[in-house]
Amino acid sequence: MVNKVTMAPQGPQFSELVQGYWRLVDWNMSAQERLTFLKKHIELGVTTVDHADIYGNYECDRLFGEAVALDKSVRDQIEIVTKCNIMLCGDKTPERKVNHYNSSKEHIIASAENSLKNLQVDNIDVLLLHRADVLMNADEVAEAFAQLKADGKVNHFGVSNFTPRGFELLQSRLDAPLVTNQVEINPLNFEVAHDGTLDLMQTVRTRPMAWSCLGGGSIFTGSTEQAERVRAELELLKEELGASSIDQVIYAWVRKLPSNPLPIIGSGKIERVETAVESLKLEMTNEQWYRVWIASKGHGVP
Ligand code: NAP
């Protein structure tokens, strides 16, 4: 069973597993197939969906919106997270010379309004600033958030890939708590467990969201020494825990972190979503958790 959990003080309720839509273009689904996939994961209890304006070269939110438009009743059954502030250059934005960030009031509001249009919904549950932007003026971001909230366009706000100091800076200008910091957490990269990011989440009782828990697939395919060591340890743990696959072990490993991260599932295959849901029953000991740490680092704990 997938529980609903509170993300932060006064924060929204999310399903404890989130469905990511970054790779939606690659799934090559018709609008009806997208709707069927969405309904199936809602049925499993995975009701929170993760988007960004830039996903699929600015195509994913529109493709998702086409599916929602086929059955508007799904809107009330999901929590929509989307993001802004990355400026990609490409065929859609020929005026840009390099990828960069823009956290200006004007861009935040324009991006959120564009997401509403593409997703074909009236409001966004949570809007995140996608990347830490050294040119971010926190007062200006606060103005943008206040306006989007007052206009009923966005209910809550958060960040992604922010440093602990960046999180505190933005929080210092806001009336309501930021509801998450969405960060990379997987057995090949869990820097956020060491640089204070997750400590801060625990301090402010706010749950992080964990992206690329499976290393974007490299846990299964990576050929570095680190990937091979980690895979071998995960296989041993799979047997010990009675898990059906190593991705289940990874989800349990991510969820054991005391800041209570919500894993974001990256697959468009419903059977892999089911596998993730089944992993919620797994629990590992502290020693088992550190075996993955040791396999990843290639040395014991100090
Ligand atoms: P992930 O779960 O680490 O990787 C998903 C990839 O792994 C897919 O290509 C999937 O292929 C493959 N995979 C899954 N299970 C597998 C298995 N058993 N064997 C072989 N390959 C397998 O997640 P992610 O897609 O990188 O990220 C998840 C979500 O996090 C994204 O959708 C996005 O919403 C979010 N995200 C956020 C940020 C950020 O900066 N905030 C950055 C990256 C991602 P199949 O499709 O074939 O299953």
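The values are calculated or read from the model by the stated rules, or taken from the named source; none is laboratory data. What you are looking at is a predicted structure, and each value in this text was computed from that prediction instead of being measured. Cβ coordinates were reconstructed from backbone atoms using ideal geometry, including for glycine residues, and neighbour counts include every protein chain displayed. Each accessible area value is taken on the protein alone, full model and side chains, heavy atoms only, with ligands, DNA and RNA left out. Shrake-Rupley method; radii C 1.70, N 1.55, O 1.52, S 1.80 Å.
With every protein chain present, what is the per residue accessible area of the chain (1.4 Å probe, Å²)?
45 Å²
Could you check the simple spin-label distance between ASN57 and LYS72, using points 7 Å along Cα→Cβ, in nm with one decimal?
Label at ASN57, label at LYS72, 3.3 nm between them.
Determine, from the Cβ-Cβ distance of ALA31 and GLU271 and an R0 of 22 Å, the FRET efficiency 1/(1 + (r/R0)^6), rounded to the nearest 0.05.
In this case the efficiency is close to 0.55.
Could you give the nm distance between label points at LEU135 and LEU88, where each point is 7 Å from its Cα heading toward the beta carbon?
2.0 nm
Determine Rg/Rh for the chain; Rg is computed over alpha-carbon atoms and Rh is the Kirkwood hydrodynamic estimate from the same atoms.
Radius of gyration relative to Kirkwood radius: 0.96.
Could you pull out every residue, at least 5 positions away or on a different chain, whose amide H is within less than 5 Å of the one on HIS156? Hs are placed 1.01 Å off N in the peptide plane, and Pro or chain starts have none.
HN-HN under 5 Å from HIS156: VAL126, LEU127.
Leaving out ligands, DNA and RNA, and with a 1.4 Å probe, what % of the accessible surface on the chain is carbon or sulfur?
After summing per-atom areas, the C and S share lands at 49 percent.
Can you pull a Stokes-Einstein diffusion coefficient for region 4-179 at 20 °C (1.002 mPa s), Rh from Kirkwood over Cα pairs, as a whole number of µm²/s?
Translational D for this selection: 129 µm²/s.
So what is the 222 nm mean residue ellipticity for the chain from helices alone, if each DSSP H run of at least 4 adds -39500 (n - 2.57) and you divide by all residues, rounding to the nearest 500 deg cm²/dmol?
-12000 deg cm²/dmol
Can you compute the FRET efficiency between THR6 and ARG231 using 1/(1 + (r/R0)^6), with r the Cβ-Cβ distance and R0 = 30 Å? Round to the nearest 0.05.
Taking R0 as 30 Å, the efficiency between THR6 and ARG231 is 0.30.
Rounded to the nearest 0.05, what FRET efficiency is calculated for THR285 and THR203 with R0 set to 35 Å and r the Cβ-Cβ distance?
Step by step, r from the Cβ atoms, then E = 0.90.
Kindly rank 247-256, 190-199, 174-183, 53-62 from highest to lowest mean number of other beta carbons found within 10 Å of each residue.
Descending packing order for the listed peptides: 247-256, 174-183, 53-62, 190-199.
Need one number: convex hull volume per residue for region 78-132, Cα atoms only, in Å³.
Enclosed volume per residue, from the Cα hull, is 92 Å³.
Please report, to two decimal places, log10 I(q)/I(0) for region 47-105 at q = 0.12, 0.19, 0.26 Å⁻¹ as given by the Debye formula with identical point scatterers on the Cα atoms and no solvent.
Evaluating at q = 0.12, 0.19, 0.26 Å⁻¹ gives log10 I(q)/I(0) of -0.37, -0.77, -1.08.
Taking Rh as the Kirkwood radius, which is the inverse of the mean 1/r over Cα pairs, what is the Rg/Rh value for region 93-247?
1.06
Let me cross-check GLU271: its accessible surface, 1.4 Å probe, with only protein heavy atoms counted, in Å² to the nearest 10?
100 Å²
Straight distance only, please: which lysines reach the Cα of LYS297 with their own Cα at less than 25 Å, same-chain residues fewer than 8 apart left out?
LYS238, LYS256
With a cut-off of 8 Å between alpha carbons and a minimum separation of six or more residues, what is the relative contact order of region 4-179 in percent?
21 percent
Given the Cα-Cα distance of ASP151 and LYS40 and 0.36 nm per residue of separation, how much length would full extension add, in nm?
Contour length minus the Cα-Cα distance gives 36.7 nm.
For LYS117, give me every one of the lysines with a C-alpha distance below 18 angstrom, ignoring sequence neighbours fewer than eight places off in its own chain.
Reachable lysines: LYS72, LYS83, LYS92, LYS149, LYS153.
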